[in-house]
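Bear in mind these aren't lab numbers, they're just calculated from the coordinates by the rules spelled out. This is a predicted model, so every value here is computed, not measured. So basically every Cβ, Gly included, is an ideal-geometry build from the backbone, and we count neighbours across all protein chains shown.
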Ligand SMILES: Nc1ncnc2c1ncn2[C@@H]1O[C@H](COP(=O)(O)OP(=O)(O)OP(=O)(O)O)[C@@H](O)[C@H]1O
Ligand SMILES: [Mg+2]
């Protein structure tokens with residue numbers, strides 16, 4: 001069997017005495033060809049974990065290997081396998097896009113011809129910006145440039161720390177496409193995010209991280225299935241809760257504002273019964289929606305807090 005791309009074992013790491021550790025006995029392994037997500041709220045320890053992999057932060061206990069190489073003992077060899085996008089990319093302001101790419105590649109002793117620079121930038125939709133100063137790019141263009149710089153050394157493993165934070169949906173999708181392309185090129189991708197829809201859209205497996213611990217790790221579908229939760233049928237209708245609970249398929253019912261929310265094992269039967277009730281009683285039924293359980297529910301079930309609320313802490 002091939003080496004895991006990443007093997008993290010029993011890593012504990014922090015920022016000095018008197019502070020609680022930022023990571024507590026974290027273990028996980030990422031196989032070649034995965035897109036692996038670290039999903040967790042602000043302060044969960046995602047960036048610290050990537051810094052331990054990058055050799056930028058020294059764990060107080062545990063080991064990290066990259067492609068079988070211990071990052072403490074073989075830092076130079078390990079780094080050659082890695083492409084890195086930090087959470088905050090300080091782009092050298094007075095260089096153009098093309099110059100930045102050439103500088104990054106040269107750091108790894110890769111010297112690009114102008115044609116190679118053009119071809120490379122075209123992959124990230126930045127070819128026409130080659131002569132633009134990096135600081136003049138839009139937020140989305142800067143994020144794509146950060147991705148381009150992360151693969152300038154043709155790495156096997158790419159670590160992306162919040163590659164789409166603060167982007168609008170359109171720019172976010174463009175970055176997702178670029179990440180999928182890197183994956184299609186055969187690279188292993190590890191990314192952090194606090195957006196569960198991003199983890200669901202991109203990642204084959206996800207580790208949910210909270211307060212320095214991995215609380216779950218699996219495919220998004222398995223994480224959701226493991227909850228055993230039912231879909232929720234939401235509708236604006238006036239119906240006494242006792243009657244709602246007696247509808248076919250309904251496991252739980254409550255009101256959220258004007259909306260009745262029904263957890264149901266048989267959404268179609270429940271909806272048909274609601275429609276029949278509305279027709280018989282002449283009451284209005286509107287704004288009907290069905291929501292499948294998602295990673296947000298998994299986070300809530302595992303930590304007792306909503307992902308969005310935890311992020312605001
Ligand atoms: N340089 C530092 N000095 C002291 N404490 C730090 C430092 N960097 C991070 N921490 C603390 O370590 C913990 C984990 O932080 P980390 O940046 O790894 O979280 P994160 O999951 O990346 O959060 P975010 O989603 O906000 O980027 C937090 O409690 C944070 O306050
Ligand atoms: Mg971070």
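To test your reading of the geometry: what angle, between 0 and 90 degrees and rounded to tens, separates the Cα axis of helix 139-150 from the longest principal axis of the chain?
Helix 139-150 sits at roughly 50 degrees to that axis.
Running Debye on the chain with equal point scatterers at the Cα sites and no solvent, what base-10 log of I(q)/I(0) appears at q = 0.07, 0.08 Å⁻¹?
The computed values of log10 I(q)/I(0) come out as -0.37, -0.47.
Give the distance, in whole Å, between the Cα centre of the stretch 165-194 and the Cα centre of the stretch 1-44.
Each part reduced to its Cα centre gives a spacing of 20 Å.
Quick one: length gained pulling residue 289 to residue 61 fully straight, 0.36 nm per residue minus the C-alpha distance?
Values: separation 228, 0.36 × 228 = 82.08 nm, distance 4.83 nm.
Length difference between fully extended and current span is 77.2 nm.
Please report the relative contact order for the stretch 180-242, taking Cα pairs under 8 Å with a sequence separation of at least 6, and give it as a percent rounded to a whole number.
18
Could you work out the relative contact order of the stretch 94-199, using alpha carbon pairs under 8 angstrom and six or more residues apart, expressed as a whole percent?
26
Give me the extension gain from residue 301 to residue 42: residue separation times 0.36 nm, minus the current Cα-Cα distance, reported in nm with one decimal.
91.4 nm
Among 193, 113, which comes first, then next, by fewest other beta-carbon atoms within 10 Å?
Arranged by neighbour count, lowest to highest, 193, 113 become 113, 193.
Cα axis of helix 267-281 to longest principal axis of the chain: angle in degrees, 0 to 90, nearest 10?
40
Just to be sure I understand: of the beta bridges DSSP finds with both ends in the chain, what percent are antiparallel, rounded to 5?
65
Taking the Cβ-Cβ separation of residue 110 and residue 9 as r and a Förster radius of 30 Å, what is the calculated FRET efficiency to the nearest 0.05?
0.40
For the stretch 85-142 and the stretch 197-248, what is the centre-to-centre distance using only Cα atoms, to the nearest Å?
Between the Cα centres of the stretch 85-142 and the stretch 197-248 lies a distance of 40 Å.
Based on the mean of other Cβ atoms within 10 Å per residue, sort peptides 58-70, 243-255, 41-53, 272-284 so the most packed one is first. Before the final figure, lay out each step's value.
Values: 58-70: 17.4, 243-255: 15.7, 41-53: 22.1, 272-284: 13.3.
In descending order of packing, they fall as 41-53, 58-70, 243-255, 272-284.
Rounded to the nearest 10 degrees, what's the angle between the helix 169-184 long axis and the longest principal axis of the chain, both from Cα atoms, 0 to 90?
For helix 169-184, the angle is close to 60 degrees.
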